[in-house]
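K.L.:
Sharing a structure with you now.
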Amino acid sequence: MSYLDIEEQLDQITDDLRQKLEQAGAIDKNGKTIDSAKFDGVIENLVDEIIPISRELELGRYDANSRNIVESRIAWLRKIKNAHSIAYPTNLSDGKEEEIMQDIAKHKTKRSPEVFKTGVKNFIHIFGFQRRVPQKLGYEK
């Protein structure tokens, strides 16, 4: 059994997640959670369906990636359970990383020559000092 077969099994279990949640009455048509106990129950049932696949992988020798695929799918379901939303894993970022990257890009374009000149001055100061006075560093001739 290859990792593709395992992914196919996992997809069969989790593909109709939204429909299962709607049928259980855990979410409404818009995807908002109505009943968190039912929501948790459906997710736990899916995890319980995936665990035998994990145990089967422990008994047999399969791809190294197979175990990781199963564990990542279980972790994904648990993130959904903790968030009580099926939209949660699609956007894990709260936007702070993007703001930091934009800030870095802004400073790189404006301050890059200044920072480079300062770095070069510090480099010359540190290593130029060592060339001029080797006695203080223990490199006596």
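K.L.:
Under the condition of being in a helix (DSSP H, G or I) and of a type in the set (Lys, Arg), which residue from region 58-77 is farthest from SER2 (Cα to Cα)? Walk me through it before giving the result.
P.N.:
Within region 58-77, the first condition is being in a helix (DSSP H, G or I), and the residues that meet it are 58-59, 64-77.
Retained after the next criterion (residues that are of a type in the set (Lys, Arg)): 67, 73.
On the way: ARG67: 11, ARG73: 16 Å.
Taking the candidates together, the pick is ARG73.
K.L.:
Filter region 9-57 for residues that are in a helix (DSSP H, G or I), within 23 Å of the chain's Cα centre (by Cα) and free of Cβ contacts under 8 Å to residues at least 24 places away in the same chain and give the result.
P.N.:
Matches in region 9-57: ASP11, ILE51, SER54.
Laboratory data are not the source of any read-out in this text; all were calculated from the coordinates shown. Just so we're clear, the structure is a prediction, and the values are computed from it rather than from any experiment. As a convention, Cβ positions derive from the backbone with ideal geometry for all residues, glycine included, and neighbour counts pool all protein chains shown.
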